[in-house]
1. Out of segment 133-150, which residues are in contact with a helix residue (DSSP H, G or I) (Cβ under 7 Å, 6 or more places away or on another chain) and assigned to a loop (DSSP other than H, G, I, E, B)?
2. Does segment 160-188 hold any residues that are closer than 19 Å to Asn200 by Cα, within 23 Å of the chain's Cα centre (by Cα) and open to solvent by less than 20 Å² (accessible area, probe 1.4 Å), and which are they?
3. Could you say which residue among Pro191, Pro208 is part of a loop (DSSP other than H, G, I, E, B), within 22 Å of Gln108 (Cα to Cα) and touching a residue at least 24 places away in the same chain (Cβ under 8 Å)?
4. If I ask for residues that are open to solvent by less than 40 Å² (accessible area, probe 1.4 Å) and farther than 23 Å from Glu316 by Cα, which ones from segment 110-153 would you list?
5. Report those helices (runs of 4 or more DSSP H) wholly inside segment 248-325 carrying at least 2 residues which are at pLDDT 95 or above and either under 22 Å from Ala351 (Cβ atoms) or in contact with a strand residue (DSSP E or B) (Cβ under 9 Å, 6 or more places away or on another chain) (or both).
6. Six or more apart or on different chains, Cβ under 6 Å: which pairs go from a residue in segment 151-167 that's part of a helix (DSSP H, G or I) to one that's of a type in the set (Val, Ile, Thr) and open to solvent by 30 Å² or more (accessible area, probe 1.4 Å)? Could you list them?
Amino acid sequence: MKRWGVVFFFLLLIQNQGILKPVEAEDGFVKTRGLQLVLNGIPYYANGFNAYWLMYVATDPSQRGKISSAFQEATKHGLSIARTWAFSDGGYRPLQSSPGSYNERTFQGLDFAISEAKKHGIKLILSLVNNYEDFGGRKQYVDWARSQGQSITSEDDFYTNSVVKDFYRNHIKTVLRRTNSLTGVAYKDEPTIMAWELMNEPRCTSDPSGKTIQAWITEMASYLKSIDGNHLLEVGLEGFYGASKQQTNPNRYQVGTDFIANNQIPGIDFATVHSYPDQWLSGSSYEDQVSFLNNWVNEHIQDAQDILKKPILFAEFGRSLKESGYTTNQRDRIFTTVYSGIYSSARGGGAAVGGLFWQLLAEGMDSFQDGYGIVLSESSSTVSLISEESQRLIKIRKMFARLRNIEKWKRATEIRRAQWWSGNKVNDTGN
């Protein structure tokens, strides 16, 4: 990777000379190439955010201005990836009110969120089910199966019960084949969607060996890819390791997932990590939490690069300000630790492709405030850090784009030179 340092130094010297073309428009599907995400053939490093509430809020047309406002502020601050829910199973404002029965009004809310992201040049990661009870999740699926006479022993039957798996496969198919009522484009053909996520933070504590979730991911990744060959797919993992690296996990957690094995499954295009030392190490000092986070970030980047040989996205991180004594400066240090790890890797063409903080809120959304929420229009030191990281990653993308244009110019020059020599040889022969 050392060669990129020379390349970037060269590009920094010439980028203000006006001799290179601007970065190409950010349309098209995001793909992978080795350790990198690529968009239009150019490595794609990007800063982003979580906003799980987009579909939920947009279900009420009178509230859709909050989505537009959030995207406008995000764009102003250089954010270009958003992660959100493409599920709401049972309960209030459901997307899926019962197995296979969908609420058109809620689907239109998701249609709006996608069309609005498209207008603002924001790529989306859409998660397909929750591990937790919020918005239904695994519990709702197994409850539906139980009501149909299935023998259910725990929520972990979500991964193995054939009826439950049929419910979930049908949800995948329904969402992917949905035609957006505003754009007329099927979700599976919509380049605004960057990736699908199988589940938000999957866990299966009844099988710490990891075999249950490994089999489920393998099965569902294959099924999803059989419907949609355009989009990337990730699992939704928090980043916990299996038994072989259990010592790396906070408090030696074992939740039935394995960062290495799960991400090596065919069809999984990039790895994800979540980072919540304030939750995972709540009994530890703040300094110990920061130290853990620094190691957590760097170790996952290294493993993605050396073992997985795939890109890695830090898909959730943050620090709550709800707890007594928690300060903005402490939150800033958490953001700085994550952002520094990402930038250090990205500037060398490495595996870390970006980070998505939890969570972005629009003005007037106090009821959604969980202590982690950030309103970009309310200036703060954290908002400044977010903008700075965006600009650093944008600069890297521009440098790669200019490098690509240099390579194109060199190839064109070589072709013209070859044509010139060929023409002269013909003339010499004729003379």
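1. Taking segment 133-150 as the starting set, the residues that turn out to be in contact with a helix residue (DSSP H, G or I) (Cβ under 7 Å, 6 or more places away or on another chain) are 133, 138-139, 141-142, 144-145, 148, 150.
Glu133, Gln148, Gln150 - these are the residues of segment 133-150 that are in contact with a helix residue (DSSP H, G or I) (Cβ under 7 Å, 6 or more places away or on another chain) and assigned to a loop (DSSP other than H, G, I, E, B).
2. Tyr168, His171, Ile172, Val175, Leu176 - these are the residues of segment 160-188 that are closer than 19 Å to Asn200 by Cα, within 23 Å of the chain's Cα centre (by Cα) and open to solvent by less than 20 Å² (accessible area, probe 1.4 Å).
3. Result of the check over Pro191, Pro208: Pro191.
4. Matches in segment 110-153: Asp111, Phe112, Ser115, Tyr141, Val142, Trp144, Ala145, Ile152.
5. 259-263, 286-303
6. Once the first residue is part of a helix (DSSP H, G or I) and sits in segment 151-167, its partners that are of a type in the set (Val, Ile, Thr) and open to solvent by 30 Å² or more (accessible area, probe 1.4 Å) give Tyr159/Thr212.
Residue by residue, here is whether (1) of a type in the set (Val, Ile, Thr); (2) surrounded by 21 or more Cβ atoms within 10 Å (Cβ to Cβ); (3) touching a Phe, Trp or Tyr at 6+ places or on another chain (Cβ under 9 Å); (4) within 27 Å of His231 (Cβ to Cβ) holds:
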{"residue": "Ala243", "(1), (2), (3), (4)": "no, no, no, no"}
{"residue": "Ala271", "(1), (2), (3), (4)": "no, yes, yes, yes"}
{"residue": "Asp278", "(1), (2), (3), (4)": "no, yes, yes, no"}
{"residue": "Asp306", "(1), (2), (3), (4)": "no, no, no, yes"}
{"residue": "Leu321", "(1), (2), (3), (4)": "no, no, yes, no"}
{"residue": "Ala346", "(1), (2), (3), (4)": "no, yes, yes, yes"}
{"residue": "Ala352", "(1), (2), (3), (4)": "no, yes, yes, yes"}
{"residue": "Leu360", "(1), (2), (3), (4)": "no, yes, yes, yes"}
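Quick grid of which residues meet (1) in contact with a Gly (Cβ under 9 Å, 6 or more places away or on another chain); (2) at pLDDT 60 or above; (3) surrounded by 10 or more Cβ atoms within 10 Å (Cβ to Cβ); (4) within 20 Å of Glu73 (Cα to Cα):
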site	(1), (2), (3), (4)
Phe368	no, yes, yes, yes
Tyr372	yes, yes, yes, yes
Glu378	no, yes, yes, yes
Ile406	no, yes, yes, no
Arg416	no, yes, yes, no
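The values are calculated or read from the model by the stated rules, or taken from the named source; none is laboratory data. For clarity, every value in this text was computed on a predicted model and none was experimentally measured. Glycine gets a Cβ as well: all are built from the backbone with ideal geometry, and neighbour counts include every protein chain shown. Areas reflect the complete protein model, heavy atoms only, side chains present, ligands, DNA and RNA absent. Shrake-Rupley method; radii C 1.70, N 1.55, O 1.52, S 1.80 Å.
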